[in-house]
Amino acid sequence: MWDDQFEEILRTFLPFLPPQEPLTADDELKDLGLDSLGMVQLLGMLEEAYQVRFRDSALTMDTFRSAGVLWETVEGMLQRATS
């Protein structure tokens, strides 16, 4: 599961997710209000917060499909950065 920082950042781009409702790995981010502009802003915030860079191969709609897929992508970048 992801860390608190990830969820805090992600929630700012999900206007249709009530604050008290839990975010699950399978939640479709588009259905929760993430749009294309939000994806670009979210990408920048995640890169800054985790000191990583999304590779071109990760810049797909599928990467931003769900919270779980997005976290797996970030986690993979973190693992590559520390190895």
> Could you say which residue among GLU21, GLU47, GLU28 is touching a Lys or Arg at 6+ places or on another chain (Cβ under 8 Å) and farther than 24 Å from GLN79 by Cα?
Replying inline: GLU28
> Is one or more of the residues making up region 17-33 open to solvent by 30 Å² or more (accessible area, probe 1.4 Å), modelled with pLDDT under 95, out of contact with any Phe, Trp or Tyr (no Cβ under 8 Å at 6 or more places or on another chain) and acidic (Asp, Glu)?
Replying inline: no
> Hey, does region 47-54 have a residue that's surrounded by fewer than 14 Cβ atoms within 10 Å (Cβ to Cβ), basic (Lys, Arg) and in contact with a helix residue (DSSP H, G or I) (Cβ under 8 Å, 6 or more places away or on another chain)?
Replying inline: yes
> In region 13-27, how many residues are touching a residue at least 24 places away in the same chain (Cβ under 8 Å) and either among the aromatic types (Phe, Trp, Tyr) or out of contact with any helix residue (DSSP H, G or I) (no Cβ under 8 Å at 6 or more places or on another chain) (or both)?
Replying inline: 1
>> Within region 34-44, take every residue that is among the aliphatic types (A, V, I, L, M) and surrounded by fewer than 17 Cβ atoms within 10 Å (Cβ to Cβ) and give me the one that is farthest from the chain's Cα centre (by Cα).
In response: LEU37
> Taking region 61-81, which residues are surrounded by fewer than 12 Cβ atoms within 10 Å (Cβ to Cβ) and within 12 Å of the chain's Cα centre (by Cα)?
Replying inline: MET61, ASP62
> Of the residues that make up region 4-12, is at least one open to solvent by 90 Å² or more (accessible area, probe 1.4 Å) and either modelled with pLDDT under 95 or in contact with a Lys or Arg (Cβ under 7 Å, 6 or more places away or on another chain) (or both)?
Replying inline: no
> Counting only residues that are among the polar types (S, T, N, Q) and more than 19 Å from ASP27 (Cα to Cα), which one in region 44-83 is modelled with the lowest pLDDT?
Replying inline: SER83
> Can you tell me which of VAL40, VAL74, VAL52 is out of contact with any Lys or Arg (no Cβ under 8 Å at 6 or more places or on another chain) and not in a helix (DSSP H, G or I)?
Replying inline: VAL52
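The values are calculated or read from the model by the stated rules, or taken from the named source; none is laboratory data. This one's a predicted model, so the numbers in the text were calculated from it and none came from an experiment. Neighbour counts run over all protein chains shown; Cβ positions are idealised from the backbone, glycine included. With ligands, DNA and RNA removed, areas are computed over all heavy atoms of the protein, side chains included. Shrake-Rupley method; radii C 1.70, N 1.55, O 1.52, S 1.80 Å.
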